[in-house]
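**Q** Quick one: structure below, then a few questions.
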Amino acid sequence: MLSALALARDIDAGKLKPAQVIDLCVKAIAAREADVQAFVSLDLDGARRCAERSAAALVRQPLRGLPIGVKDIIDTADLPTEYGSPIYNGHRPKTDAAIVSQVRRAGGLLLGKTVTTEFAYLQPPKTRNPHKAGHTPGGSSSGSAAAVAAGMVPIAIGSQTGGSVIRPAAFCGVAGFKPSYKLLPTVGVKCFSWHLDTLGFFAASVGDVAFAAAAVADRDLCVDAGEVAAPRVSLVRTHLWPEATDDMRAAVENAAKAASAAGARVEDIVLPPIMEDAFRAHGIIQDYEAYRAFAFEYDRHRERMSGILRTMLEKAASISADQYDEARRVSKRARQALADIMAATDVLLTPSAPGAAPDPSTTGSPVFNKLWTLMGNPCVSVPGLRDAFGLPLGVQIVGRFGRDRAALAAASFMERALARLTR
């Protein structure tokens, strides 16, 4: 994989130029894209021309001219945006999404659009897991996670409505960061659920993903300078713990032991019943809003939708406004309860996914992500562990709402602890 931090440091030291980084990506794409299929469109020549023409200006910007992959539900003026759906074949937006403009302003170069599942839902994509082709990369940010894992880009952008950043990051063995809700603008991103949709980042390590987020969000999020203070960690199994594989349960418990050995205060906590209610509320809120967000496509082009999405929308039509409003009230009470819980801890530790990547007939289950997406808290999938078959496993750090840097710092601490564990 390509480390965004290492590349930026080499550019700062004059050892690399932005165009040479593009060449590294081009080489990896030539070697692996035919098998992985992470991209739906590429602009390698355009990125190289921009890197050569504007090198002096780019190296002074936070991203130093590093190439970025962008999920194909995010509008781009220079490349097609098809939302993973045949309804939008060849669609060319007139403008960039706000996040793409932020990437450009920060000195990032758009290398290509990464594969998304259809409208960021559950229909499996063409992309394959770079570790083992017979396994899914996860979804819906399938191509973004796979492109980073295959060394095709140092940074990629995805989105999460249920578990679409954390889960594919775990399956592909990279770091994934879902920031606090509304930290990043979703203007120009195809909406699925306006109370849940959150943009996020993929990179090789926690330090790399923090670097990317800091550059684009223009906030102090970097965690690569010196030692990270030992956090207070609360291990949360939740009512879904039985859905985790034996390997995943062992991974989370081993991560807790590694953190404790490294100096963290680790304890088990049990969440109150309102959190189970909130987990169920996620589906009501998501589906009610999706039925409205996709009103045009469903009313006029439903025959061109996949069966899995069409069936969900058909069922969502029966969700009443009263049910939706009650689900939102439940989520508000749950956020208040979670804030009280987290007053006595820094971060929660829980699985990133039920286990390693399953076969490509599914994108995997987001059951360990939905609650935290609804709560809006920052989440980081920490790489570094594997199951008995050598497939990556990710553990999830959940921070306090609005304390994104602290969540990233705790994730970086965990990553280092896991590295010592696996030596």
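**Q** From Gly163, Gly134, Gly151, Gly173, which residue is under 16 Å from Trp372 (Cβ atoms) and either modelled with pLDDT under 95 or not charged (D, E, K, R) (or both)? Step through it out loud before you land on a result.
**A** Working: Gly134 fails: under 16 Å from Trp372 (Cβ atoms); Gly151 fails: under 16 Å from Trp372 (Cβ atoms); Gly173 fails: under 16 Å from Trp372 (Cβ atoms).
Going through Gly163, Gly134, Gly151, Gly173 in turn, the sole match is Gly163.
**Q** Among the helices (runs of 4 or more DSSP H) confined wholly to segment 1-106, which include 3 or more residues that are modelled with pLDDT of 95 or more and acidic (Asp, Glu)? So that I can check it myself, show each step before the final result.
**A** Numbers: elements: 4-12, 18-36, 44-53, 55-58, 98-105.
So the answer is 18-36.
**Q** Can you tell me which residue in segment 367-423 is nearest to the chain's Cα centre (by Cα), limited to those that are crowded, with 19+ Cβ neighbours inside 10 Å and of a type in the set (S, T, N, Q)?
**A** Ser381
**Q** Spot the failing condition for Val153; the list is (1) among the aliphatic types (A, V, I, L, M); (2) crowded, with 24+ Cβ neighbours inside 10 Å; (3) in contact (Cβ under 8 Å) with a residue 60 or more places away in the chain; (4) touching a Lys or Arg at 6+ places or on another chain (Cβ under 9 Å), and only one is missed.
**A** (4)
**Q** If you don't mind, there's one more thing I want to ask. So Asp246 clears everything in (1) surrounded by 18 or more Cβ atoms within 10 Å (Cβ to Cβ); (2) free of Cβ contacts under 8 Å to residues at least 40 places away in the same chain; (3) closer than 20 Å to Gly364 by Cβ except one condition, right? Which one?
**A** The single condition Asp246 does not satisfy is (1).
**Q** Val209 fails exactly one of the following numbered conditions: (1) buried (at least 24 other Cβ atoms within 10 Å of the Cβ); (2) not assigned by TED's automatic domain parsing to the domain that holds Gly65. What is the number of that condition?
**A** That leaves (2) as the condition not met.
**Q** Of the conditions (1) of a type outside the set (Ser, Thr, Tyr); (2) more than 22 Å from Phe192 (Cβ to Cβ); (3) in contact (Cβ under 8 Å) with a residue 24 or more places away in the chain, Arg53 clears all except one; give me its number.
**A** If we test Arg53 against (1) of a type outside the set (Ser, Thr, Tyr); (2) more than 22 Å from Phe192 (Cβ to Cβ); (3) in contact (Cβ under 8 Å) with a residue 24 or more places away in the chain, just (3) comes out false.
Residues are listed down the side, and each one gets a yes or a no for (1) closer than 22 Å to Asp247 by Cα; (2) small (Gly, Ala, Ser); (3) part of a helix (DSSP H, G or I):
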residue	(1), (2), (3)
Gly364	yes, yes, no
Phe368	yes, no, no
Ser381	yes, yes, no
Ala388	yes, yes, no
Gln396	yes, no, no
Ala406	no, yes, yes
Ala417	yes, yes, yes
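**Q** Please go through segment 312-331 and give me each residue that is hydroxyl-bearing (Ser, Thr, Tyr) and within 27 Å of the chain's Cα centre (by Cα), ordered by number.
**A** Step one: of segment 312-331, the residues hydroxyl-bearing (Ser, Thr, Tyr) are 318, 320, 324, 331.
If the condition is that a residue be hydroxyl-bearing (Ser, Thr, Tyr) and within 27 Å of the chain's Cα centre (by Cα), then Tyr324, Ser331 are the ones that fit.
**Q** Report yes if Ala334 is surrounded by fewer than 21 Cβ atoms within 10 Å (Cβ to Cβ), assigned to a helix (DSSP H, G or I) and among the small types (Gly, Ala, Ser), otherwise no.
**A** no
**Q** Could you go through segment 159-166 and let me know if any residue there is in contact (Cβ under 8 Å) with a residue 60 or more places away in the chain, surrounded by 24 or more Cβ atoms within 10 Å (Cβ to Cβ), farther than 18 Å from Arg128 by Cα and of a type in the set (A, V, I, L, M).
**A** no
**Q** Scan segment 265-284 for residues that are of a type in the set (Lys, Arg) and touching a strand residue (DSSP E or B) at 6+ places or on another chain (Cβ under 6 Å) and jot them down. First the steps, then the outcome.
**A** Taking segment 265-284 first, the residues of a type in the set (Lys, Arg) are 265, 280.
Correct list: Arg265 only.
**Q** How many of the residues making up segment 107-130 are outside any loop (DSSP other than H, G, I, E, B) and of a type in the set (S, T, N, Q)?
**A** So the count comes out to 1.
**Q** Moving on. With respect to Thr350, is the statement that it is part of a helix (DSSP H, G or I), under 21 Å from Trp241 (Cβ atoms), in the same structural domain as Asn254 (by TED's automatic domain parsing) and of a type in the set (Ser, Thr, Tyr) true? Write out each step before concluding.
**A** Numbers: part of a helix (DSSP H, G or I): no; under 21 Å from Trp241 (Cβ atoms): yes; in the same structural domain as Asn254 (by TED's automatic domain parsing): yes; of a type in the set (Ser, Thr, Tyr): yes.
It is false that Thr350 is part of a helix (DSSP H, G or I), under 21 Å from Trp241 (Cβ atoms), in the same structural domain as Asn254 (by TED's automatic domain parsing) and of a type in the set (Ser, Thr, Tyr).
**Q** So how many residues does segment 143-163 have that are in contact with a strand residue (DSSP E or B) (Cβ under 6 Å, 6 or more places away or on another chain) and part of a loop (DSSP other than H, G, I, E, B)?
**A** Within segment 143-163, the subset in contact with a strand residue (DSSP E or B) (Cβ under 6 Å, 6 or more places away or on another chain) is 143-145, 147-148, 153, 155-160.
Applying the additional criterion that residues be part of a loop (DSSP other than H, G, I, E, B) yields 153.
Here the count works out to 1.
**Q** Still on this structure, please answer the following. Can you find even one residue in segment 301-313 that is assigned to a loop (DSSP other than H, G, I, E, B) and within 30 Å of Ala410 (Cβ to Cβ)?
**A** First, the residues of segment 301-313 that are assigned to a loop (DSSP other than H, G, I, E, B): 305-306.
Filter once more, keeping what is within 30 Å of Ala410 (Cβ to Cβ): none.
There is no residue in segment 301-313 that is assigned to a loop (DSSP other than H, G, I, E, B) and within 30 Å of Ala410 (Cβ to Cβ).
**Q** Those residues that are surrounded by 14 or more Cβ atoms within 10 Å (Cβ to Cβ), over 30 Å from Tyr83 (Cα atoms) and among the hydrophobic types (A, V, I, L, M, F, W, C), I need them from segment 6-60; list them, please.
**A** Ala6, Leu7, Ala8, Ile11, Leu16, Ala55, Val59
The values are calculated or read from the model by the stated rules, or taken from the named source; none is laboratory data. This structure is a prediction, so every number in the text was calculated from the model and none was measured. Cβ atoms come from the backbone with ideal geometry, glycine included; neighbour counts cover every protein chain shown.
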